[in-house]
Amino acid sequence: MKLLRIEDQKYYHDLSVAETLALAKRCKENGVTMFPKYPLFAHAYFSQAAKCLLTWSPIDQLDPAIEGASTLEDMQSLLETLYLNIAACLIKQNRFDEVLHVLRYTDQQENPSAKATYRKALAQFKVKQYGEALATLARIDFTTSKECVALHKQIVQTRQQEDSQYNSMVKKMFA
């Protein structure tokens, strides 16, 4: 195989906002396609799309009159979707500390999505932050989602088991 030529090579900083958004959407679509079979490649695509959008950071300080209000809203919603997709890839790779880092943006949101809340609570549960996981689930109406209800039940059971193990260990030490 031989490379003949490279057509239309541009750097991120040379792209307009609309071109950046189109490129990020293309990378996201490629990542979604790759996720079921190849989550590592999907993670790379999602990260590439997020980097592409973040070249225009902070997005909320861009001028809506020049760029278009709908374009800026699309960029912000796409960036949040990319963070969720990156978190899904990290959960699949058992990298729960990094999931908490990626989803930290939900702390500033009034009404975070149920998906983001579930993934953050799952990551907190896996790193044994049971109190934080319960508080995270309490931010939404978790009773409407069976995954959230199951996670809540699992957190409560695991917390009770660890408390009883700790109490029995203390009794053995001082008995």
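Each value in this text was obtained by applying a stated rule to the coordinates, not by laboratory testing. Predicted, not measured: the structure shown is a model, and the values here were computed from it. No Cβ is skipped: glycine too gets one built from the backbone with ideal geometry, and neighbour counts run over all protein chains shown.
Observations on the model:
- Across the chain, the longest piece that holds none of the GluC sites (Glu not before Pro) lying in DSSP loops with up to 16 other C-beta atoms within 10 Å covers 8-109.
- Tail weight of P(r) past 14 Å, computed on alpha-carbon pairs of region 16-93, percent: 57 percent
- Angle of helix 17-34 to the longest C-alpha principal axis of the chain, folded into 0 to 90 degrees and rounded to 10: 50°.
- Cβ-based charge dipole, the chain, positive-most Cα from Ile140, Ala69, Ser168: Ser168
- Centre-to-centre, using Cα atoms only, region 157-175 and region 62-125 are separated by 37 Å.
- Taken over region 111-174, the percentage of Cα pairs per 10 Å bin, counting from 0 up to the bin with the maximum distance, is 23, 46, 19, 10, 2.
- Computing FRET efficiency as 1/(1 + (r/R0)^6) for Glu29 and Val170, where r is the C-beta to C-beta distance and R0 is 45 Å, gives about 0.25.
- Nearby lysines by direct alpha-carbon distance to Lys128 (threshold 17 angstrom, same-chain neighbours under 8 apart not counted): Lys120, Lys153
- Region 144-158 - phi-based ³J(HN,Hα) in whole Hz, Karplus 6.51/-1.76/1.60, Gly and Pro as x: 7, 10, 5, 5, 5, 5, 5, 5, 4, 4, 5, 5, 4, 5, 5
- Normalised by residue number, the volume inside the convex hull of the Cα atoms of region 47-164 is 106 Å³ per residue.
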